[in-house]
Amino acid sequence: MPDLETDLDALFINNTPLLDLRAPVEFLQGAFPASCNQPLMNDNERAQVGTCYKHEGQQAAIALGHRLVSGELRQARLQGWIEWLQENPNGVLYCFRGGLRSQTVQQWLGDAGRPVSRVKGGYKALRRRLLTEIEQGFAGPGFVLTGLTGSGKTDWLARSPLSLDLEGYAHHRGSSFGNWGEPQPTPINFENRLAIARLKQRHSGIQGWLVEDESAMIGRCPVPLPLYERMQQAPLLLLEVPFEQRVQQIRHDYVDTMQRHFNQDFARLESYLQDSLKRLYKRLGDREWRRLSEIMSEAVRQQQLGYGSAAHEEWIATLLGVYYDPIYARHQAAKADRIVKRGNADELAEWLAQQPEAQPEETQC
């Protein structure tokens, strides 16, 4: 079967299953959403081969690799790759540079009657393509959605085909309470998810883009510099939502949703909320932090007694009025001249849908 060299976009656009033959330590540093790690060599075997290559050269390293992965071990790994191909008949394999590891596995599978394509250039070529997309994919016109904390900006993004959900790709809501209660992707994997989403957009003819206003870091994931710089210049859409509705939105996002996420484990819910509040300790001061912490604990206790989550609205309203809204007002003052449209959710959606950037182009990129 052919080795893929130039048509890398199709792998991402079509969500082609990818068999990653690199060692687990390499895979954990960065991979792709559609990839599965079934390595030719584990971390220890790879380290041995690397040491041999350094001291004795390529041929000795190749020979050692074949000795380490031989006999029953080779057969077991081969069987794993065959089973993966049975489940993913259009799958493609790759290693780091498209070199010996993927060539070896491709040959072994071919000998076993399971021909398969491999990515020529391997992970490096795929990653390079996505970095190029990040560098060039946001050069065209775009918009940034802004609004006070609790305006429901993330929910509103889903209403437009221009939208790219940065917080979704980062598994973080981008605030002190933004932790989803699960690990974030590595910065590389965050970039890969973003680049693939943008590539799919442009392939479908959508040249414009829309993201939520974010700081340079979303949790531990830095927003790629080419996009972040464009975000500081792009026109702003200001989503306006009444205060009480914002309180309800935060209660839904950070209390009710997380309660379900933690499978009704109120101890985990309180730990998550208190840890988030603790991040604001210096800004709030000891006295106010302690007061809000007590209100939060009592609100969780009310939930445990079956009274629902309404008691959380007191600390939510206080944080909005005392902390989040003043910060937003200062930041927004410096951006006021970039606001091209303000309004409620329906008004913004109607306005954006009429803009040229929101009209798909007939010619795909």
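The values are calculated or read from the model by the stated rules, or taken from the named source; none is laboratory data. Quick caveat, the model's predicted, so the values are computed rather than measured. Here the Cβ positions follow ideal geometry from the backbone for every residue, glycine too, while neighbour counts run over all protein chains shown. When the accessible area is computed, the model is the full protein with side chains, heavy atoms only, and any ligands, DNA or RNA have been set aside. Shrake-Rupley method; radii C 1.70, N 1.55, O 1.52, S 1.80 Å.
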Check: So what J values fall out for segment 112-117 if you push phi through Karplus, 6.51 cos²θ - 1.76 cosθ + 1.60 with θ = phi - 60°, rounded to Hz, Gly and Pro as x?
Finding: 8, x, 10, x, 8, 7
Notebook entry, point to check: If the cut-off is 13 Å between C-alpha atoms, which aspartates and glutamates fall inside it for residue 124, apart from same-chain ones fewer than 8 positions away?
Noted result: 5, 20, 26
Checklist line | Sorted largest first, extent of segment 211-365 alpha carbons per principal axis (Å) | finding: 58, 31, 30
Notebook entry, point to check: When you count, for each residue, the other Cβ atoms within 10 Å and take the mean per peptide, how do 315-327, 148-160 rank with the highest first?
Noted result: 148-160, 315-327
Margin query: Give me, ordered by chain and number, the residues 5 or more places off residue 32 or on other chains with an amide H under 5 Å from its own placed amide H.
Written below: none
Next item on the list: Taking a cut-off of 18 Å between Cα atoms, list the aspartates and glutamates near residue 282, but don't count ones fewer than 8 places away on the same chain.
Entry: 294, 325
Next item on the list: Could you pull out every residue, at least 5 positions away or on a different chain, whose amide H is within less than 5 Å of the one on residue 342? Hs are placed 1.01 Å off N in the peptide plane, and Pro or chain starts have none.
Entry: 238
Next item on the list: Starting from segment 176-285, pick out the trypsin sites (Lys or Arg not before Pro) whose DSSP state is loop and whose Cβ has at most 16 other Cβ atoms within 10 Å.
Entry: 220, 279
Next item on the list: Amide H neighbours of residue 93 under 5 Å, at least 5 residues apart or on other chains, H built in the peptide plane: list them.
Entry: 19, 117, 118, 119
Check: residue 153: which aspartates and glutamates have alpha carbons under 14 Å from its alpha carbon, excluding same-chain residues fewer than 8 sequence positions away?
Finding: 165, 167, 212, 213, 214, 240, 253, 346, 347
Note to self: On C-alpha positions alone, give me the angle between the axis of helix 187-203 and the longest principal axis of the chain, in degrees, nearest 10.
What the structure shows: 90
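Using the C-alpha atoms of the chain, what convex hull volume per residue, in cubic angstrom, is computed? Mind dumping the intermediate values first?
Values: hull volume 65.4 nm³, N = 365.
Spelled out: Cα convex hull of the chain, divided by residues, is 179 Å³.
Take the residue pairs 54/120; 278/341; 278/335 and return only those whose Cα atoms are more than 26 Å apart.
On the way: 54/120 24 Å; 278/341 36 Å; 278/335 29 Å.
Check vs 26 Å cut-off fails for 278/341; 278/335.
Rounded to the nearest whole Å², what accessible area per residue is found for the chain with the 1.4 Å probe? It would help to have the intermediate numbers written out before the result.
Values: 17900 Å² over 365 residues.
Per-residue value: 49 Å².
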Next item on the list: Among DSSP beta bridges lying fully in the chain, give the percent that are antiparallel, nearest 5.
Entry: 10
Next item on the list: Keeping the other protein chains in place, figure out the carbon and sulfur percent of the accessible area of segment 201-327, with a 1.4 Å probe.
Entry: 50
Note to self: For a test of the definition: using alpha carbon positions, the gyration tensor, and the 1.5 limit on a/c, classify segment 81-123 as rounded, prolate or oblate.
What the structure shows: oblate
